[in-house]
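**Student:** This is the structure I have questions about; it appears just below.
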């Protein structure tokens, strides 16, 4: 599993400021499209939160993580908005506009 986690971190590092990716998208890029929950766990135990931008990963509906490991959804929202990502009042992001196409 450690190898998978390292691949997740490698891909998440590539998400540019102002863009987001989904857990499923990251799982697919790692070669395991059915492992989106494992991606979520890998990001929950992110060893370098200031370096690996886990705040840029959202669910398939563009919804923020209610239990964002590094301060909750409000912190995730603030970090994304600082990068120019618009978070709607319902806590979602317009994936047609902000999804990274890595």
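**Student:** Compute the acute angle (0 to 90°) between the alpha-carbon long axis of helix 73-82 and the principal axis of greatest extent of the alpha-carbon atoms of the chain; round to the nearest 10°.
**Tutor:** The angle comes out near 80 degrees.
**Student:** Sticking with this structure for a sec: Using every Cα-Cα pair within the stretch 10-65, state what percent have a distance larger than 18 Å. Please report the intermediate quantities before stating the final value.
**Tutor:** On the way: 337 of 1540 pairs.
So the portion of pairs separated by more than 18 Å is 22 percent.
**Student:** Another question, if that's okay. Given 0.36 nm per residue, what is the gain on full extension from residue 89 to residue 74 after removing their alpha carbon distance, in nm? Spell out each step's value before the answer.
**Tutor:** Values: separation 15, 0.36 × 15 = 5.40 nm, distance 1.20 nm.
Working it through step by step, the gained length comes to 4.2 nm.
**Student:** If I model a spin label at residue 59 and residue 1 as a point 7 Å from the Cα along the Cα→Cβ vector, what separation in nanometres do I get?
**Tutor:** Calculated label separation equals 2.1 nm.
**Student:** Counting helices only, and only those DSSP H runs with n ≥ 4, report the 222 nm mean residue ellipticity of the chain as the sum of -39,500 (n - 2.57) divided by its residues, in deg cm²/dmol to the nearest 500. Let's see the in-between values first.
**Tutor:** Details: 5 runs with 41 residues, N = 102.
My calculation for the chain gives -11000 deg cm²/dmol from helical runs alone.
**Student:** So how much slack lies between residue 17 and residue 34, counting 0.36 nm per residue of separation and subtracting their Cα-Cα distance, in nm? Don't skip to the end; give the middle numbers.
**Tutor:** On the way: separation 17, 0.36 × 17 = 6.12 nm, distance 2.61 nm.
Here the answer is 3.5 nm.
**Student:** If I stretch the segment between residue 67 and residue 51 completely, what's the gain in nm (0.36 nm per residue apart, minus their alpha carbon distance), one decimal?
**Tutor:** Working: separation 16, 0.36 × 16 = 5.76 nm, distance 1.95 nm.
Answer, rounded to one decimal: 3.8 nm.
**Student:** Measure nothing but the geometry: give the 0 to 90° angle between the long axis through the Cα atoms of 2-12 and the longest principal axis through the Cα atoms of the chain, rounded to 10°.
**Tutor:** 30 degrees
Values quoted throughout were computed directly from the atomic coordinates according to the rules given, and no laboratory measurement underlies them. Only a predicted model underlies this, so the values are computations on that prediction, with no experimental measurement involved. Positions of Cβ are backbone-derived with ideal geometry, glycine not excepted, and every protein chain shown enters the neighbour counts.
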